[in-house]
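*Asks:* Let me begin by handing over the structure; questions about it come next.
The values are calculated or read from the model by the stated rules, or taken from the named source; none is laboratory data. Every value quoted in this text rests on a predicted model; they were computed, and no experiment measured them. Cβ atoms come from the backbone with ideal geometry, glycine included; neighbour counts cover every protein chain shown.
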Amino acid sequence: MNAVSHSIESGRFCGRILLLLLVATAFCLGCTRLAETPIDGPWVAPGIHAREFERTKSRVSSPLSEHMSYWTDAKGHRVEVLKIVDSAMRYLEGLGYFQRWPETNVGFDDYVQRLAPYTFHIVSIQPTIVVMIPHDFGNPTDGRSITQIVGQPPNQSVSTKYMINHIEYGTTFPYHPEALWFSSELRVPPTKIAAHTGEQEIVHPGIKLVITRKDEVCTTKRE
């Protein structure tokens with residue numbers, strides 16, 4: 001075999017090795033896809049809503065895909081939704097709220113989940129504002145399933161390890177005269193929403209939300 005033929009064969013061999021490496025890499029890593037999900041996003045600034053993106057990672061070696069949701073901030077940067085939710089719930093835990101609420105028969109990573117007598121609604125991020133609406137779900141250990149207790153997850157909701165309640169998000173929430181709000185970033189514990197000149201407002205340095213009510217639905221606007 002002359003030098004030219006040897007060079008050609010070596011090139012073919014290297015090409016086959018490279019192809020095998022690429023196939024092996026694809027087999028291990030699968031593919032990742034990022035897609036936007038149209039939502040009524042919580043506020044991130046006056047007149048600006050968070051946009052939602054979902055990253056789906058598929059592995060050839062597994063029939064299950066990994067999903068991760070993100071919200072965009074005021075500058076368009078993506079922030080993991082679970083990090084925002086977890087920060088808010090850890091703040092409530094630090095204040096001792098979960099210890100007051102009944103345990104359920106459900107656990108998550110050795111954490112016994114609670115049932116809060118509220119529905120939760122994230123209406124803003126940067127800073128994160130969560131509205132709490134009083135709600136009687138009944139006894140969490142009376143044999144009913146999670147779905148029977150708290151219902152099907154709403155379209156715009158996420159879960160948390162701390163409780164079986166859904167964490168909803170968007171610019172609206174149900175009306176209730178005893179509605180509360182809190183913010184882990186502002187270090188504001190659950191506080192009754194203030195009424196002002198016929199409307200309700202959530203006002204604190206760095207945030208102002210004006211709340212208007214139509215029938216049993218409250219709509220927020222960030223100013």
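So that you can scan it fast, the table gives a plain yes or no per residue for (1) at pLDDT below 95; (2) part of a strand (DSSP E or B); (3) surrounded by fewer than 17 Cβ atoms within 10 Å (Cβ to Cβ):
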site: 165; (1), (2), (3): no, yes, no
site: 168; (1), (2), (3): no, yes, no
site: 173; (1), (2), (3): no, yes, no
site: 178; (1), (2), (3): yes, no, yes
site: 181; (1), (2), (3): no, yes, no
site: 191; (1), (2), (3): no, yes, yes
site: 195; (1), (2), (3): yes, yes, yes
site: 203; (1), (2), (3): yes, yes, yes
site: 213; (1), (2), (3): yes, yes, yes
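*Asks:* While we're looking at this one, here's another question. Considering only the range 106-113, I want to know if a residue exists there that is more than 18 Å from the chain's Cα centre (by Cα), of a type in the set (A, V, I, L, M), at pLDDT below 95 and outside any helix (DSSP H, G or I).
*Replies:* There is at least one residue in the range 106-113 that is more than 18 Å from the chain's Cα centre (by Cα), of a type in the set (A, V, I, L, M), at pLDDT below 95 and outside any helix (DSSP H, G or I).
*Asks:* Which of the residues spanning the range 177-223 are among the hydroxyl-bearing types (Ser, Thr, Tyr) and at negative phi?
*Replies:* Across the range 177-223, the qualifying residues are 183, 184, 191, 212, 219, 220.
*Asks:* Is the range 125-135 home to any residue that is in a helix (DSSP H, G or I) and surrounded by 14 or more Cβ atoms within 10 Å (Cβ to Cβ)?
*Replies:* No, the range 125-135 has no match at all.
Matching residues to (1) without any contact (Cβ under 8 Å) to a residue 60 or more places away in the chain; (2) not charged (D, E, K, R):
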| position | (1), (2) |
| --- | --- |
| 70 | yes, yes |
| 93 | no, no |
| 99 | yes, yes |
| 109 | yes, no |
| 115 | yes, yes |
| 120 | yes, yes |
| 138 | yes, yes |
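*Asks:* Are any of the residues in the range 145-159 aliphatic (A, V, I, L, M), outside any loop (DSSP other than H, G, I, E, B) and under 20 Å from residue 43 (Cβ atoms)?
*Replies:* yes
*Asks:* Also: The conditions are (1) farther than 25 Å from residue 71 by Cβ; (2) in contact with a helix residue (DSSP H, G or I) (Cβ under 7 Å, 6 or more places away or on another chain), and residue 167 fails exactly one of them. Which is it?
*Replies:* (1)
*Asks:* Grab the strands (runs of 3 or more DSSP E) fully contained in the range 1-86, keeping just those with 2 or more residues being in contact with a Cys (Cβ under 9 Å, 6 or more places away or on another chain), over 30 Å from residue 119 (Cβ atoms) and modelled with pLDDT under 95.
*Replies:* Where strands (runs of 3 or more DSSP E) fall fully within the range 1-86 and carry at least 2 residues being in contact with a Cys (Cβ under 9 Å, 6 or more places away or on another chain), over 30 Å from residue 119 (Cβ atoms) and modelled with pLDDT under 95, they are 52-58.
*Asks:* Please determine whether any residue of the range 59-71 is loosely packed, with under 12 Cβ neighbours inside 10 Å, among the hydroxyl-bearing types (Ser, Thr, Tyr) and touching a helix residue (DSSP H, G or I) at 6+ places or on another chain (Cβ under 9 Å).
*Replies:* The answer is yes; a qualifying residue exists.
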